[in-house]
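Asker: I'd like to ask you about the structure that follows.
Any read-out appearing in this document is the output of simple, stated calculations on the displayed coordinates, not a laboratory observation. Bear in mind the structure is a predicted one, so any value in this text is a computation, not a measurement. In this analysis, Cβ positions are derived from the backbone assuming ideal geometry, glycine residues included, and neighbour counts consider all displayed protein chains.
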Amino acid sequence: MNPEPLRSLYGQVPDVIGVRIRSIHLNWRGPTVALRVDLPSFPESAPQEWTDAGLDTVQCQFQFLAVEGISLADWTPPVVGSVEMVPWGTERRMRVSVGGRGLSLDFTCSESVSVGHVSAFRIGEDGADDGPHLFMSRVDARRHNSLPGTADRTFYER
């Protein structure tokens, strides 16, 4: 639905192969699934602020709407894997398969995907993302300087 944040960084929406899947948020309202992922590469044309801060990883959320038929197995985060989206049926829906070593997630949803909470951070030696984050969105930047806890509904459900 809104690829602009990623296009402004990468010139196009980057592949979702080799992404680090950090979290899965299921919300019965809608119903929706939000995936928080680290993208596989850092953009060559990253904002100067990100470069000056020594950041090396871009993270965002993909929110899938009107979700049905969820199957989740073997969730051992973080997982490096892929997100595969293919058309499903004739009603503007798609089948989403998220997989990698330690994860198998499948569902159908609306063909629209919302991109949100785009940020950059310096990945820890152990792969952690718990340090400072610089967010693209002005609202996120004012509200957060690191990832909020998973109970923060305004971050994970919007």
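Asker: Using a cut-off of 15 Å between beta-carbons, work out the net charge of the residues near residue 47 (Lys and Arg +1, Asp and Glu -1, residue 47 not included).
Answerer: Here the charged neighbours net out to -3.
Asker: Tell me, what is the percent relative contact order of the stretch 1-127, built from C-alpha pairs under 8 Å that lie six or more residues apart?
Answerer: This gives 28 percent for the stretch 1-127.
Asker: For the stretch 4-147, just say rounded, prolate or oblate: build the C-alpha gyration tensor, square-root its eigenvalues into a ≥ b ≥ c, call rounded for a/c under 1.5, and beyond that prolate if a/b exceeds b/c, oblate if not.
Answerer: Note, shape of the stretch 4-147 comes out prolate.
Asker: If I take every Cα pair under 8 Å that is 6 or more residues apart in the stretch 35-84, average their sequence separation and divide by the length, what percent do I get for the relative contact order?
Answerer: Reported as a whole number, the value is 43 percent.
Asker: About the Cα centre of the stretch 29-158, how large is the charge dipole given +1 on each Lys and Arg Cβ and -1 on each Asp and Glu Cβ? Please answer in debye to the nearest 20. Walk me through the numbers on the way to the answer.
Answerer: Values: 12 positive and 18 negative charges, 113 e Å.
The dipole magnitude comes to about 540 debye.
Asker: What spacing in nm lies between the two simple spin-label points modelled at residue 128 and residue 17, each 7 Å away from Cα in the Cβ direction?
Answerer: 3.3
Asker: Going highest first, how would you order 104-111, 136-143, 6-13 by mean Cβ packing within 10 Å?
Answerer: Listed from highest to lowest mean packing, they are 104-111, 6-13, 136-143.
Asker: PRE reach from residue 95 (point 7 Å along Cα→Cβ): which of the stretch 57-77 fall under 20 Å by backbone N?
Answerer: Backbone N within reach: 64-74.
Asker: To continue, here is another question. What is the local net charge at residue 21, summed over the other residues whose Cβ is closer than 13 Å to its Cβ (Lys, Arg +1; Asp, Glu -1)? Can you show the working numbers first?
Answerer: Working: positive: 20, 22, 36, 101; negative: 38, 74, 84, 129.
Residues close to residue 21 contribute a combined charge of 0.
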